[in-house]
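Below: one structure, written as structure tokens.
What follows draws every value from the coordinates through simple rules; no lab data is involved. As the structure is a prediction and not an experimental result, all values here were calculated from the model. For neighbour counting, all protein chains shown are included, and Cβ atoms are generated from backbone atoms with ideal geometry for every residue, glycine included.
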Amino acid sequence: MTMLTIDNLVKTYAGEASRRAKSRSGTDRTAVANAAPARVFAVNDVSLEVGDGEMFTLLGPSGCGKTTTLRSVAGLERPDSGRIAVGERILFDGDGSRTTNVPANQRGLGMVFQSYAIWPHMTVFDNVAFPLQVRKRSARPGKREIQERVAKVLETMELGHLADRQATKLSGGQQQRLALARAIVIEPPLMLLDEPLSNLDAKLRESLRYELKRLQRELGITSIYVTHDQIEALALSTTIAVMKEGNVLQTGRPREVYERPNCRFVAEFIGTSNFLRGTVASREGDLVDVDTDAGRIRLESPVRVPVGEEVIAAVRPECFEISRTGWGNRPNEWSGTVTNRAFLGDAVDHIVRVGQGSIRVRGNPAISIEPGTEVHLATDPAKVTLVPVG
């Protein structure tokens, strides 16, 4: 069942040139008023479907349009055009003769901000109870039901023992859990989370990732999660949509997006990749041989590319094996020289000179090979991705 549908969503803003011109005086300002203003696409014809119970993540760098998309769903931004529906309920429709735009306070969605946005003058209990207490009288639960619902949510968030404490006297992690509790207590059909862990230190952020995943699985709340953190997206998500410059480049399961990126940007943004540029030497079914500066590499790809076409073969560093002695007759086995290495704690990176290029290899921290050592590399054809040039 589809919980959220976004169709052809567009949101633009005035470009830099227009804003600068509008600040001028006299004839310049008049000329600008008569000219069509330049527009910048924050969200450019985005269409998405989010299934019931999913943790759907919008992932991308700053300025890619992920937060604008989320705020459009929340009702905090008014799109130029498109359609947004939660279940059968239309929240925004800007393509008909009459625009539908349900106000943010009537959408009934849960929202968790990056800055927590808790009320400092209230206790933990009162912060969570407030969204229920300010509902219209006809929809407001009774005092006993509010007490029970707030107590249940606080216990779920492991904040029950802090119900009477002032919100400002909580730690950063506790404040973020409080913000989550306040969003959950209204039992929303859809939860919107705008980089909720970015203000926490690395260790706390990691522990809260697992807490969020546990809560989302146990409560079954459909959630839209915005982040620029690739590890966070891979750890939390049911589905990831990678965005760049207002466009969705790829949507899929975390493993699919990581292992089979459909373009160079996705391969570079999620993790690290070796990009081996070359030309297709031969093809037999899904097996493709590509001649690169590092040597010939074989890969498996359903993408039909003609012999002689220029392509890029992408290989994650952890998909290479490294050995001082080699293996013999493997399809993607090369010899090279270690030029550098770096100990990363849970892995060791080796930079290996192969042919005219360099390849990054990430492996077991117990294996550390000195620079200048002759080594052999190998990778499985199934672990090599064909990426379009450009």
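Starting from the Kirkwood Rh over alpha-carbon pairs, what translational D in µm² s⁻¹ does segment 101-188 have by Stokes-Einstein at 20 °C and 1.002 mPa s? Intermediate results must be reported in sequence, preceding the final value.
Numbers: Rh = 13.2 Å.
My calculation gives 163 µm²/s for D.
With equal scatterers on the alpha carbons only and no solvent term, can you work out the Debye log10 of I(q)/I(0) for segment 173-253 at 0.21 1/Å?
For segment 173-253 at q = 0.21 Å⁻¹, log10 I(q)/I(0) is -1.06.
Given Cα pairs under 8 Å that are at least 6 residues apart, what percent is the relative contact order of the chain?
15
From the phi of every residue in segment 234-240, what ³J(HN,Hα) in whole Hz does the Karplus formula 6.51 cos²θ - 1.76 cosθ + 1.60 yield, where θ is phi - 60° and glycine or proline is x?
5, 6, 9, 7, 7, 9, 10
Using the Karplus curve 6.51 cos²θ - 1.76 cosθ + 1.60 with θ = phi - 60°, work out ³J(HN,Hα) for each residue of segment 267-274 in order, rounded to whole Hz, and write x for Gly and Pro.
4, 7, 6, 9, x, 10, 9, 8
Pulled fully out, how much extra length does the chain show between residue 247 and residue 275, if you take 0.36 nm times their separation in residues and subtract their Cα-Cα distance?
Using 0.36 nm per residue and subtracting the Cα-Cα distance, I get 7.8 nm.
Can you give the charge dipole size of the chain about its Cα centre, rounded to the nearest 20 debye, using +1 on the beta carbon of Lys and Arg and -1 on the beta carbon of Asp and Glu?
1540
How large is the dipole of segment 81-230 about the Cα centre if only Lys and Arg carry +1 and Asp and Glu carry -1, each at its Cβ, rounded to the nearest 20 debye?
Once rounded to the nearest 20, the dipole reads 460 debye.
What's the extension gain from residue 235 to residue 187 if we count 0.36 nm per residue and subtract their Cα-Cα distance? Write out the running numbers ahead of the final one.
Numbers: separation 48, 0.36 × 48 = 17.28 nm, distance 2.44 nm.
Extending this stretch completely gives an extra 14.8 nm.
About the Cα centre of segment 274-387, what is the dipole size in debye to 20, counting +1 per Lys and Arg Cβ and -1 per Asp and Glu Cβ, all else neutral?
Approximately 120 debye in magnitude.
Could you sort 270-282, 200-212 so that the peptide with the highest average Cβ count within 10 Å comes first and the rest follow in order?
Sorting 270-282, 200-212 by mean packing, highest first, produces 270-282, 200-212.
Which residues' amide hydrogens lie under 5 Å from the amide hydrogen of residue 249, considering only partners 5 or more residues apart or on another chain, with H built in the peptide plane?
242, 243, 244
I need to check one value: relative contact order of segment 274-387, counting alpha carbon pairs closer than 8 Å and at least 6 residues apart, in percent.
Normalised by residue count, the contact order of segment 274-387 is 31 percent.
Considering the options 285, 212, 157, tell which one lies farthest towards the positive end of the dipole of the chain, charges being +1 on Lys and Arg and -1 on Asp and Glu at the Cβ, about the Cα centre.
157
Would you calculate a helix-derived [θ] at 222 nm for the chain, using -39,500 (n - 2.57) for each DSSP H run of n ≥ 4 and dividing by the full residue count, to the nearest 500?
-7500 deg cm²/dmol
Show me the ranking of peptides 64-77, 325-338 by mean Cβ neighbours inside 10 Å, starting with the highest.
On the way: 64-77: 22.1, 325-338: 14.6.
Order by mean packing, descending: 64-77, 325-338.
Along the Cα→Cβ direction, 7 angstrom out, place labels at residue 8 and residue 47. What is the inter-label distance in nm?
It is 0.9 nm.
I need the Debye-formula profile for segment 274-387: one equal scatterer per C-alpha, no solvent, reported as log10 I(q)/I(0) at q = 0.13, 0.22 1/Å, two decimals.
-0.47, -1.17
Hey, if you put +1 on the Cβ of every Lys and Arg and -1 on every Asp and Glu Cβ in the chain, which of 238, 350, 55 ends up farthest toward the positive end of that dipole?
After comparing all options, I get 55.
In terms of modelled amide H atoms, which long-range or inter-chain residues lie less than 5 Å from the amide H of residue 192?
The answer is 110, 111, 112, 224.
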